[in-house]
Amino acid sequence: MIETVLRAYGHWDAITQDEVDEKKNYTTKGIIYQTLPEDVLLQVSKHKNVKEVWESIKTRYVGAELVQKARLQTLRNEFQMLKMKENESINDFSGKINSIVAKFKSLGSTLEDEVTVRKFLNSVPMKYLPIVAPIEQYSDLTKMPFEEAVGRVKAYEERLLGHEEKDEEQNKLLLASEQKYGESSGRVRGRGRSYERGGRGRGRGSGRGNKSGFRCYECGEFGHFKHECTKWKGKEHEANFVEEEPALL
């Protein structure tokens with residue numbers, strides 16, 4: 001942040017040059033002091049030269065060379081281990097990569113776009129493979145900005161979310177329809193059994209009880225069936241007698 005402010009005011013050369021005029025020296029120190037918290041300001045204010053002030057700040061915040069190398073190695077390990085989770089969004093994951101890139105820059109190092117693009121494409125879940133594969137096959141990753149890679153995968157993510165919402169809505173409608181159909185079928189089956197039981201009961205009662213409504217097909221009278229008709233039994237006996245008579249003769 002301090003470097004950005006000094007460059008904006010045209011005073012960064014006061015840090016890079018060994019000798020600067022007194023006015024520029026104090027002006028640059030004044031700009032730096034305005035960006036520092038009080039406890040740090042008390043520690044660096046003892047230095048008269050603005051370059052010494054800057055080195056003191058670097059030592060405090062960035063650390064010595066060995067500490068800086070150790071921090072860079074820690075960041076490299078964090079970058080290599082970084083992996084996108086299944087339920088994580090593209091924005092959140094790309095934000096993590098950008099955060100590591102910013103930390104590299106604060107330690108005086110950089111991560112090239114090609115490195116971050118390849119890391120990003122290799123770290124997303126398998127559901128993004130239909131968009132990652134064409135990017136890797138048909139695009140020049142050595143020239144692709146990190147933001148472009150994120151934008152392409154982000155557009156695919158939006159389509160996935162749209163399809164998932166539609167599928168979820170259809171599943172809810174289907175479930176509601178099945179539940180409604182199941183309740184309706186249960187009521188119909190219940191009534192059918194009731195009617196069936198009632199029908200069989202009435203049938204048995206009518207057949208074994210009152211026969212006044214039935215007509216005999218043999219004699220035409222009401223109150224009995226053909227196999228119960230005494231007239232039919234008499235005719236059957238006479239027929240048998242006639243068939244046996246020649247044998248007796």
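The values are calculated or read from the model by the stated rules, or taken from the named source; none is laboratory data. Nothing here was measured: the structure is a model prediction, and the numbers come from that model. All Cβ positions, glycine included, derive from the backbone under ideal geometry; neighbour counts span all protein chains shown.
Taken over segment 39-84, the criterion of being farther than 30 Å from residue 127 by Cβ, loosely packed, with under 14 Cβ neighbours inside 10 Å and under 40 Å from the mean Cα position of the chain (by Cα) is satisfied by 69, 70, 73, 74. Examine segment 4-15 for a residue that is out of contact with any strand residue (DSSP E or B) (no Cβ under 9 Å at 6 or more places or on another chain), surrounded by 15 or more Cβ atoms within 10 Å (Cβ to Cβ) and among the aromatic types (Phe, Trp, Tyr), and state whether such a residue exists. The answer is yes; a qualifying residue exists.
In this structure, residue 79 does not satisfy being in contact (Cβ under 8 Å) with a residue 12 or more places away in the chain, touching a Ser or Thr at 6+ places or on another chain (Cβ under 9 Å) and assigned by TED's automatic domain parsing to the domain that holds residue 145. Assess whether residue 117 counts as being modelled with pLDDT of 90 or more and surrounded by 15 or more Cβ atoms within 10 Å (Cβ to Cβ). Spelling it out, residue 117 is indeed modelled with pLDDT of 90 or more and surrounded by 15 or more Cβ atoms within 10 Å (Cβ to Cβ).
Of the residues making up segment 121-142, those that are touching a helix residue (DSSP H, G or I) at 6+ places or on another chain (Cβ under 6 Å) and under 30 Å from residue 69 (Cβ atoms) number 3.
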